[in-house]
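Engineer: Handing you this structure, nothing more for now.
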Amino acid sequence: MRRTVGIGAVLGVATAGLVVTAPAAFAAVPAFPDNVVVFPDRDFVSVEGYERYAGETATLQVTRANVGVVGSAKAVVSDSGVAFEVNHPGGVCWGAGTGLNVTPDIKAGDVVSISFADGTKDETTTSSATVTGDMVRDGTTITVQGKFGPEVDPARMEQRIINPDLVDVIGKRDIRAIPGPIVPAAKGGYSSGLEVRADRTFTATYQFDTLEAATTAAAADLGERAMYWQEEDADGNRQGLTIAEYGEFGGPGMGGCPSGPGQQGAPAGTASVVRSADKTSAVIKWTAAAALPDADKVTGYSVEAVNSATSTVQGVRLGATASGTTLTGLDSAATYTFEVRSMAGSKMSVPFGPATAAGPRDETLPTLTVTPVGGTTPEEAVEANSVSVASNGEVFFTTDGSSVIEGDGPSLTAEPYTGPIPITAPTHVNIATFDQAGNHLQESGDYKPVSVAAPATPTGLAGTQTQNSMALTWNAVTGTDISYQVTVYDTNGTKLATQPPVSSVPRQNVTGLTAGTTYQFTVAAKNAGGTSAESERLIKATDTATDRITITTAKWKTGDFRVVGTGSTVGASVQVFRVNADGSRGAAITGATAAVVAAAPPGIGDYSIRLRTNVPTTNPGRIYVVSSNGGVAGPFAVANG
């Protein structure tokens, strides 16, 4: 069953003696109706909203300070309210579409981000607020202990007990304690309060009206939770939410998902073997085996030669930096299978592929094709981004000028060929291929990088602002394989963040900005030849937060156009506008207007615009919604349907 995390209001509290240290980040905390909700104890993430991206593929990443990306997945966004879930029944596994096949052990401080092809990126930083032990019942009173770190503002924290059986006793499945003294619950049945102490511990106290209610609550299986949210908007929506569930276990949340880092086996790489012409020795080389994030690191390698007739084994164990060795004293009349395995902690990997064994003696040379063929001198070096090799033997190469062959086998400096050899500077490449009989061929050549000029500096940077975003556009730069890099500065010119690169399309929507604040923006172009200078700075302020407008959904089909959203001012009127090619506000869509009406909970308004006549003949593409009180939402992609 898919789940939607409930969102509600919370009472503020002043807590003496505590200093809250906010994490340094620039990417936006998701704005309602979007959210990234992290359940660290189950290594589970629920992504909510993002219906404007329905049908598109989003990338979710878990990033840890001083480590990097420790988990990732790609998923197609649904239009059902829950965009998608990762590591939860009905969702996708960690590693889906990314190849990072490990279920991350999500910890406090890990940043869970969602990104899209247009450069939009939101993130939630996993909170340290957690329950530290089982609840304790004393008569009709239950207490729950917990702790939290310096990044937590207790005013945005609460403790909950979850037990569906409570519905039959007090009419609801969960009860909560918020910072402050013990007070009666709004609908009765119990009173609660959350004491927050200067040593960053807390005690939640629940006093029930009946012993039955207290006993039922205490019978909850894994029911103690600590909840923390990074931001709360004017409408009481909790954004950037972490839900820590005491007693839950991490790892794969469903069958078929990859194991966690602690259960990962030792990693395997690829290996190659060249046996000498007299068959008494063999040169074995391998690529480094890289452990998945947070898994046991590779501590060494085991290299063995197994006599196929007698099963006699001879070999050696080497350290983690080794990449090759020579086994001597082989029986020249025997056939051997050679195995390379990595060692990580107490684990040993499966044999590296491909498995190779000695074959009968022959004198047929192996084949060798090098593309492109290199120059014969440095002055005649051939331009290339990379050099590819095809052969029916084992291929080795060097790029440091050293010999690729030593005796009947590859030299100590030779590297196994596993894919195109990159050319990033003038390089002399030596290439050799060996068969199992010791026959070999060698080629060499000089190469230099393809001469690609760095792109021109983009011009025409312009922006259309809302209260919390800036839709940037600029003139496309001539060239191939061009991408763009947007950088954001504060009003004084101090760099705030570099946005995710944008491929080919000369526009990007920068989110997470503060209403009524002036920013500076630049854009640079990138290609294989380098990065251009930054454009002239666009200095522009976001709209003042006089009225908050959001777009929840926007859909078009022949004869039907509908836009639904929220507004913070009941009675304000809203109008839908097209978006020009340069990202600015275009013409109003005739008839696409409505008033914001009151909606629950109090203080939140919503609007619904639906055209069945004078409907645009084609999908408008992207839209803005503008309030008569000055609020602006968009640009927002209109879905078909």
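Engineer: Mind listing the phi-derived Karplus ³J(HN,Hα) values for the range 103-119, rounded to whole Hz, using 6.51, -1.76 and 1.60 with θ = phi - 60°, and x for any glycine or proline?
Structural biologist: For the range 103-119, the Karplus curve yields 7, x, 8, 5, 10, 4, x, 5, 9, 9, 10, 10, 9, 10, 4, 7, x Hz.
Engineer: Non-local amide H neighbours of ARG238 (under 5 Å, H modeled in plane, Pro and chain starts lacking H): which ones?
Structural biologist: Counting only residues 5 or more places away or on other chains, the set is GLY8.
Engineer: Let me ask something else. Would you kindly state how much longer the chain becomes between ALA533 and ASP168 on full extension, computed as 0.36 nm times their sequence separation minus their alpha carbon distance, in nm to one decimal?
Structural biologist: Additional length available on full extension: 124.7 nm.
Engineer: What whole-number distance in Å separates the alpha-carbon centres of the range 484-548 and the range 158-186?
Structural biologist: 45 Å
Engineer: Also: Going by the alpha-carbon gyration tensor, a ≥ b ≥ c the square roots of its eigenvalues, is the range 402-534 rounded (a/c under 1.5) or, if a/c is not under 1.5, prolate (a/b greater than b/c) versus oblate?
Structural biologist: prolate
Engineer: Let me ask another. Any idea of the accessible area per residue across the range 424-485, 1.4 Å probe, to the nearest Å²?
Structural biologist: Ligands and nucleic acids excluded, the result is 41 Å² per residue.
Engineer: Right, here's the next one. Quick check on the chain: helices-only [θ] at 222 nm, where DSSP H runs of length 4 and up contribute -39,500 (n - 2.57) each and the sum goes over total residues. Nearest 500, please.
Structural biologist: -500 deg cm²/dmol
Engineer: Moving on to the next point. Need one number: % antiparallel among DSSP beta bridges in the chain, to the nearest 5.
Structural biologist: Of those bridges, close to 95 percent are antiparallel.
Engineer: Can you list residues whose amide H is under 5 Å from GLU151's amide H, if they're 5+ apart or on another chain and H is modeled 1.01 Å from N?
Structural biologist: Here the answer is THR21, since their amide H atoms fall under 5 Å of that of GLU151.
Engineer: GluC sites (Glu not before Pro) within the range 435-540: which are DSSP loop residues with at most 15 other Cβ atoms inside 10 Å?
Structural biologist: Sparse-neighbourhood loop GluC sites (Glu not before Pro): GLU536.
Engineer: For the range 91-108 and the range 122-145, what is the separation of their C-alpha centers, rounded to whole Å?
Structural biologist: 26 Å
Engineer: While we're looking at this one, here's another question. If you place +1 on the Cβ of every Lys and Arg and -1 on the Cβ of every Asp and Glu, how big does the dipole about the Cα centre of the chain come out, in debye to the nearest 20?
Structural biologist: About 1560 debye.
Engineer: Given the options SER568, THR398, PRO372, identify the residue whose Cα lies farthest towards the positive end of the charge dipole of the chain (+1 on Cβ of Lys, Arg; -1 on Cβ of Asp, Glu).
Structural biologist: SER568
Engineer: Roll a 1.4 angstrom probe over the protein heavy atoms and tell me the percent of accessible area of the range 115-209 that is carbon or sulfur.
Structural biologist: Carbon with sulfur: 47 percent of the solvent-accessible area.
Engineer: Cα-Cα over 22 Å: which of LYS495/LYS540; LYS495/LYS526; LYS74/LYS347?
Structural biologist: LYS74/LYS347
Engineer: Go ahead and collect, in residue order, the members of the range 144-187 whose backbone nitrogen is under 12 Å from a label point 7 Å along the Cα-Cβ direction of VAL136.
Structural biologist: Flagged as within label range: 144-146.
Engineer: What are the ³J(HN,Hα) values, in whole Hz, obtained from phi via the Karplus relation 6.51 cos²θ - 1.76 cosθ + 1.60 with θ = phi - 60°, for each residue of the range 137-146 in sequence order, with x given for Gly and Pro?
Structural biologist: Computed from phi, the couplings for the range 137-146 are 9, 10, x, 9, 10, 10, 10, 10, 9, x Hz.
Engineer: Just one of (i) 90, 67, 49; (ii) 80, 61, 47; (iii) 89, 56, 50 is Cα extents along the principal axes in Å as worked out from the coordinates here. Which one is it?
Structural biologist: (i)
Engineer: Further question: What is the distance, in nm, between label points placed 7 Å from the Cα along the Cα-to-Cβ direction at THR335 and at ASN475?
Structural biologist: Placing both labels 7 Å along Cα→Cβ, they lie 7.0 nm apart.
Engineer: If you don't mind, there's one more thing I want to ask. Of the options SER78, PRO293, GLY109, report the single residue whose Cα projects farthest towards the positive end of the charge dipole of the chain (beta-carbon charges: Lys, Arg +1; Asp, Glu -1).
Structural biologist: SER78
Engineer: Taking 0.36 nm per intervening residue step and subtracting the Cα-Cα distance, what contour gain separates GLU56 from ARG197 on full extension?
Structural biologist: Using 0.36 nm per residue and subtracting the Cα-Cα distance, I get 46.2 nm.
Engineer: Next up: Check which residues have an amide H placed less than 5 Å from SER281's amide H, if you skip close sequence neighbours.
Structural biologist: SER276, LEU330
Engineer: Carbon and sulfur: what percent of the range 301-418's accessible surface (1.4 Å probe)?
Structural biologist: 51 percent
Engineer: Still on this structure, please answer the following. Kindly identify the range 72-119 as rounded, prolate or oblate by the Cα gyration tensor criterion: order the square roots of the eigenvalues as a ≥ b ≥ c, call it rounded if a/c is under 1.5, otherwise compare a/b with b/c, prolate if a/b is larger, else oblate.
Structural biologist: rounded
Engineer: Something else: Let me know the shape class of the range 116-178, please: from the alpha-carbon gyration tensor, a ≥ b ≥ c as square roots of the eigenvalues, rounded when a/c is under 1.5, otherwise prolate if a/b is greater than b/c, or oblate.
Structural biologist: Since a/c reaches 1.5 but b/c is at least a/b, the shape of the range 116-178 is classed as oblate.
The values are calculated or read from the model by the stated rules, or taken from the named source; none is laboratory data. Source: prediction; values computed, not measured. Cβ atoms come from the backbone with ideal geometry, glycine included; neighbour counts cover every protein chain shown. All accessible areas refer to the heavy atoms of the entire protein, side chains included, with ligands and DNA or RNA removed. Shrake-Rupley method; radii C 1.70, N 1.55, O 1.52, S 1.80 Å.
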